[in-house]
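Presented below is the structure to which this report refers.
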Amino acid sequence: LWGCKKHQQAIKCLIDGLDEYNIPGVTTEKELANIFAKEYTTQKGLSFKTTMSQRIYELTAVNPDIQQFGVVRLLEEKDMHFFPFWLEAFNAAAVYGNTEMSIPQGANPYHYRLSTKKLYVLEIDGLPVSMAGFTREMQTAIGVAFVYTPPYFRGKGYASSCVAQLSQIALDKGFTKCVLYTDLLNPTSNSIYQKIGYKPVCDSLMLKYE
């Protein structure tokens, strides 16, 4: 599809429009990502590599059989004693298998994240055990991201319950679907999301230019 002459012209037009910018990479549908990256790196004298193979899922209804427990609430200022560390751990885990994380320094980036009112935490008997949040808000769809459970709380279904409840919150707000990306090298998360009710749409690539 993306190899047709019309689409090739559109890709070249897009690259020409980005001429004044040095973009670090591209993330999009698998075939389009490769075609765009090949054209872009050829023009710029660069190379590219895959940093993550992904799958895009969408949900229009939460599986009623999925086990839900605990209470999901917005993250607040009172959560600053753990939230910065969870967010940095999530960022580190975005590189599958990475266990090295940055130590939080200034508070401003984390205060900003909290101010968006898009991040939620699952509590069990008042204890925070997992988090997730919204991203890429569109007219009828909204993205789910920032899914993180500390290693010592994993294997208990906390992430499943958190994402299921968050997805239902989105549907109750009037969105017709929730969408999310997964790392194909992480079979656990791919399995969890499908049990909640997420269905695969297409594969995506995260490519980095060098």
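Data overview
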| item | result |
| --- | --- |
| Matching residues, region 67-87, being closer than 30 Å to Thr176 by Cβ and open to solvent by 30 Å² or more (accessible area, probe 1.4 Å) | Gln67, Gln68, Phe69, Gly70, Val71, Arg73, Leu74, Glu76 |
| Subset of region 30-47 (residues that are within 28 Å of Thr188 (Cβ to Cβ) and open to solvent by 40 Å² or more (accessible area, probe 1.4 Å)) | Lys30, Glu31, Asn34 |
| Qualifying residue in region 108-117 (condition: open to solvent by less than 30 Å² (accessible area, probe 1.4 Å), touching a strand residue (DSSP E or B) at 6+ places or on another chain (Cβ under 9 Å) and outside any strand (DSSP E or B)) | yes |
| Residues of region 127-144 that turn out to be free of Cβ contacts under 8 Å to residues at least 40 places away in the same chain and outside any strand (DSSP E or B), as a count | 4 |
| Flag if Phe85 is under 26 Å from Lys199 (Cα atoms) and not aliphatic (A, V, I, L, M) | no |
| Residue in region 103-110 that is over 22 Å from Met206 (Cβ atoms), of a type in the set (Val, Ile, Thr) and at pLDDT below 95 present | yes |
| Strands (runs of 3 or more DSSP E) wholly inside region 1-98 containing at least 2 residues that are in contact with a Cys (Cβ under 7 Å, 6 or more places away or on another chain) and of a type outside the set (Phe, Trp, Tyr) | 48-59 |
| Looking only at region 145-156, and only at residues there that are without any contact (Cβ under 8 Å) to a residue 60 or more places away in the chain and part of a loop (DSSP other than H, G, I, E, B), the one that is nearest to Pro84 (Cα to Cα) | Thr149 |
| Single match in Thr27, Thr50, Thr60 (criterion: over 21 Å from Gly143 (Cβ atoms), under 26 Å from the mean Cα position of the chain (by Cα) and either surrounded by 11 or more Cβ atoms within 10 Å (Cβ to Cβ) or touching a residue at least 24 places away in the same chain (Cβ under 8 Å) (or both)) | Thr50 |
| Answer residue from region 157-205, given it is in contact with a Gly (Cβ under 7 Å, 6 or more places away or on another chain) and assigned to a strand (DSSP E or B) and is least open to solvent (accessible area, probe 1.4 Å) among those | Leu180 |
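The values are calculated or read from the model by the stated rules, or taken from the named source; none is laboratory data. Note that the structure is predicted; figures quoted are calculated from it, not measured. Every residue, glycine as well, gets a Cβ built from its backbone with ideal geometry; the counts of neighbours run over all protein chains shown. For accessibility, only protein heavy atoms count, side chains too; no ligands or nucleic acids. Shrake-Rupley method; radii C 1.70, N 1.55, O 1.52, S 1.80 Å.
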